[in-house]
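Structure first, then comments.
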Amino acid sequence: MGRETYQVPVNDVFVANRKKLRDKMRAANVQEGIIYLKGGPSETRFDSDHEPIFRQESYFWYLSGVKEPDCSMSIDIRTGETTLYIPKYPPSYATIMGRIRNPQEWQSLYCVDHVKYAEDVEDDLFRACSQQPTSNVNAHGPETPKIFLMNGLNSDSGKMYQPPVDIIDSEKLKDLLDTKTLFPILAECRVVKSSTERSLIQHVTEVTSFAHAYVMRNMQPGMMEYQAESLFRHYCYYNYGCRLVGYTPICGCGPNSAVLHYGHAGEPNARQSLDGDICLFDMGAEYFGYGSDVTCSFPVNGKFSIKQRQIYEAVLQAQIEVYRMIKPGVSWVACHKTAEKTIIQALANIGLIKLHDKSLDELVEIRLGAVFMPHGLGHLIGIDTHDVGGYLPGKQMRIQLPGLKSLRTARYLEEGMTLTVEPGCYFIDHLLDEALADGSPLKGYLDSNKIDEYRGFGGIRLEDVICVSDCGCVNYTLCPRTIAEVEHVCAGKPWPPTIDEAPELLRTRLTDTTPLL
């Protein structure tokens with residue numbers, strides 16, 4: 001029997017998000033007009049009639065919470081009145097897809113003021129702007145309120161959010177459209193989460209954490225990587241109703257653990273694990289449109305080797321040092337550099353890095369850390385795994401240097417931001433070869449013989465979901481993190497433990513600097 005589901009009050013999420021957007025529009029001196037967003041369309045797999053599981057477009061979800069495809073929404077900036085536009089289904093729809101909801105049911109379900117059919121959108125938007133009183137006057141008289149559409153660049157994907165073609169191509173509406181104002185304001189709305197959004201992210205991260213522990217407890221040498229993925233998906237769906245995951249699970253064992261986004265169609269978690277492998281499992285559940293993103297690394301046989309322990313402890317210490325820094329006003333770039341610095345120190349202690357006359361800070365600045373941690377420290381998280389708002393006009397710009405250019409944001413932290421903290425250390429042949437090549441400014445700081453001992457090791461990453469609080473951070477992740485905790489779970493022991501089950505383990509955790517259970 002599944003666990004009790006987490007109940008989400010629609011008013012506390014989507015109605016509040018719409019009010020937040022209106023407030024920010026008015027703060028930007030936009031007092032009137034109509035905000036219009038279109039949801040995701042019905043899709044099939046290529047030319048077949050197979051319908052993949054629909055997942056709503058993220059900006060539309062943020063404002064509406066509408067699960068169904070082929071809908072759109074308008075919001076009157078002045079009054080806050082919200083209209084949901086729905087498809088008009090033929091009677092035959094009920095035979096195949098189930099009873100057709102009437103407009104009043106849609107209105108009640110999604111807490112909107114009006115429900116109309118999609119065929120009415122053009123006339124409705126024109127009427128709303130033409131009849132709306134205006135306080136804006138130019139040299140030619142009163143200005144007609146505008147229709148504000150989304151149009152902008154997603155800094156993670158590099159893809160454009162483009163306004164709906166049917167509205168852009170409308171002769172009736174062409175003089176009423178504004179495609180510049182809305183995008184940065186709505187993207188910024190999603191950066192700092194409300195208390196209800198934070199509760200959702202905390203819930204799905206706890207589910208994700210327990211699913212990781214379930215996988216860790218059941219993983220053994222000889223199992224296939226895809227079996228780990230299957231265990232994770234099963235746990236989240238069977239126990240907590242999480243039908244979707246936030247992204248394609250990454251289940252790399254052995255050398256595959258050094259492939260940052262392993263698990264895609266070309267490398268589909270298909271290797272058999274071997275005794276002595278390190279497992280790097282990066283997986284996150286999704287619930288009510290909000291996702292988590294957690295990574296655990298552990299030995300498939302349940303016991304860390306000396307090399308595995310050294311690298312694991314380096315990464316864990318990097319994570320701890322970042323937690324000590326996090327609070328409002330701190331630079332995310334500075335957090336990234338602190339993680340690099342901690343890992344460089346650990347690798348120097350092992351003998352892979354030679355400091356010579358350089359300080360750790362100097363080695364960070366010549367980008368030595370990027371050889372071993374080529375990705376960014378983490379990212380904003382929410383409705384999208386790599387949530388929006390990382391690079392917006394007027395905010396800090398991307399730094400075009402190794403490692404730093406992979407940061408998904410360079411912003412200063414703010415209370416209410418939710419982010420991942422995911423330091424890692426990897427032994428990636430082509431990066432090592434480049435750093436050791438003749439003429440490389442990094443060559444003299446690397447011990448090639450010692451590094452050769454770690455080729456094929458793979459990598460270790462630890463990733464938690466955290467929220468920036470008024471004086472620090474709250475860690476939503478409840479995974480085993482210390483060496484003792486990981487080996488405890490790998491041995492088949494319960495997680496989280498009770499004081500009767502593992503007194504020494506809990507006493508260690510309660511006096512340690514790692515995040516509390």
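The values are calculated or read from the model by the stated rules, or taken from the named source; none is laboratory data. Keep in mind it's a predicted model, so treat the numbers as computed, not measured. No Cβ is skipped: glycine too gets one built from the backbone with ideal geometry, and neighbour counts run over all protein chains shown. With ligands, DNA and RNA removed, areas are computed over all heavy atoms of the protein, side chains included. Shrake-Rupley method; radii C 1.70, N 1.55, O 1.52, S 1.80 Å.
Go through (1) part of a helix (DSSP H, G or I); (2) in contact with a Leu (Cβ under 8 Å, 6 or more places away or on another chain); (3) acidic (Asp, Glu) and name the single condition Glu321 misses.
Exception for Glu321: condition (2).
Which of the numbered conditions does Asn239 fail, given that it passes all the others? Conditions: (1) surrounded by 21 or more Cβ atoms within 10 Å (Cβ to Cβ); (2) part of a helix (DSSP H, G or I); (3) touching a helix residue (DSSP H, G or I) at 6+ places or on another chain (Cβ under 9 Å).
All conditions are met except number (1).
In the set Tyr226, Tyr262, Tyr237, which member is over 20 Å from the mean Cα position of the chain (by Cα) and among the hydroxyl-bearing types (Ser, Thr, Tyr)? If you could, list the steps in order and put the result at the bottom.
Values: Tyr262 fails: over 20 Å from the mean Cα position of the chain (by Cα); Tyr237 fails: over 20 Å from the mean Cα position of the chain (by Cα).
From the options Tyr226, Tyr262, Tyr237, the qualifying one is Tyr226.
Hey, any hits in region 370-385 for a residue that's within 27 Å of Ile350 (Cα to Cα) and open to solvent by 40 Å² or more (accessible area, probe 1.4 Å)?
If we filter region 370-385 for residues that are within 27 Å of Ile350 (Cα to Cα), which is where we start, we get 370-378.
Then keep just the ones that are open to solvent by 40 Å² or more (accessible area, probe 1.4 Å); that gives none.
Within region 370-385, none of the residues are within 27 Å of Ile350 (Cα to Cα) and open to solvent by 40 Å² or more (accessible area, probe 1.4 Å).
For region 468-489, give me each residue that is among the hydrophobic types (A, V, I, L, M, F, W, C) and in contact with a strand residue (DSSP E or B) (Cβ under 6 Å, 6 or more places away or on another chain).
Just the residues of region 468-489 that are among the hydrophobic types (A, V, I, L, M, F, W, C), to begin with: 468, 471, 473-474, 478-479, 483-484, 486, 489.
Once the filter is applied, which keeps residues that are among the hydrophobic types (A, V, I, L, M, F, W, C) and in contact with a strand residue (DSSP E or B) (Cβ under 6 Å, 6 or more places away or on another chain), region 468-489 yields Val468, Cys473, Val474, Cys479, Val486.
Pick from Ser406, Ser359: which is closer than 19 Å to Arg461 by Cα, small (Gly, Ala, Ser) and open to solvent by 10 Å² or more (accessible area, probe 1.4 Å)? Quick ask: steps written out before the conclusion?
On the way: Ser359 fails: closer than 19 Å to Arg461 by Cα.
From the options Ser406, Ser359, the qualifying one is Ser406.
Considering only strands (runs of 3 or more DSSP E) fully contained in region 427-477, which possess at least 2 residues that are over 22 Å from Gln308 (Cα atoms)? First the steps, then the outcome.
Values: elements: 459-461, 464-468, 473-475.
Once the strands (runs of 3 or more DSSP E) in region 427-477 are filtered for at least 2 residues that are over 22 Å from Gln308 (Cα atoms), what remains is 464-468, 473-475.
Please go through region 429-444 and give me each residue that is over 23 Å from Gly254 (Cβ atoms) and open to solvent by less than 30 Å² (accessible area, probe 1.4 Å), ordered by number.
Taking region 429-444 as the starting set, the residues that turn out to be over 23 Å from Gly254 (Cβ atoms) are 437-444.
Residues satisfying the conditions are Ser440, Leu442.
With respect to Leu401, determine if the residue is within 23 Å of Glu362 (Cβ to Cβ), part of a loop (DSSP other than H, G, I, E, B) and assigned by TED's automatic domain parsing to the domain that holds Leu352. If you could, list the steps in order and put the result at the bottom.
Details: within 23 Å of Glu362 (Cβ to Cβ): yes; part of a loop (DSSP other than H, G, I, E, B): yes; assigned by TED's automatic domain parsing to the domain that holds Leu352: yes.
Yes; evaluated as a whole, the condition is true for this residue.
Determine the pairs where a residue that is within 15 Å of Gly403 (Cβ to Cβ), located within region 319-347, has a partner that is open to solvent by 20 Å² or more (accessible area, probe 1.4 Å) and of a type in the set (Val, Ile, Thr) with Cβ atoms under 6 Å apart, the partner being 6 or more residues away or on another chain.
Matching pairs, first to second residue: Val322/Thr338.
Residue check, Pro142 against (1) at pLDDT 95 or above; (2) surrounded by fewer than 18 Cβ atoms within 10 Å (Cβ to Cβ), all met but one. Which one?
Here Pro142 meets the rest and fails (1).
Could we say that Gln345 is closer than 25 Å to Ser257 by Cα and either crowded, with 17+ Cβ neighbours inside 10 Å or polar (S, T, N, Q) (or both) here?
Numbers: closer than 25 Å to Ser257 by Cα: yes; either crowded, with 17+ Cβ neighbours inside 10 Å or polar (S, T, N, Q) (or both): yes.
For Gln345, the condition - closer than 25 Å to Ser257 by Cα and either crowded, with 17+ Cβ neighbours inside 10 Å or polar (S, T, N, Q) (or both) - is met.
Name, by its number, the condition in (1) open to solvent by 10 Å² or more (accessible area, probe 1.4 Å); (2) over 18 Å from Arg461 (Cα atoms); (3) in a loop (DSSP other than H, G, I, E, B) that does not hold for His261.
Condition not satisfied by His261: (2).
How do the pairs read when you match residues in region 15-27 that are within 17 Å of Val66 (Cα to Cα) with residues anywhere that are surrounded by fewer than 16 Cβ atoms within 10 Å (Cβ to Cβ), using Cβ under 6 Å and keeping only pairs 6 or more apart or on different chains?
Every condition considered, the pairs that remain are Ala16/Ser194.
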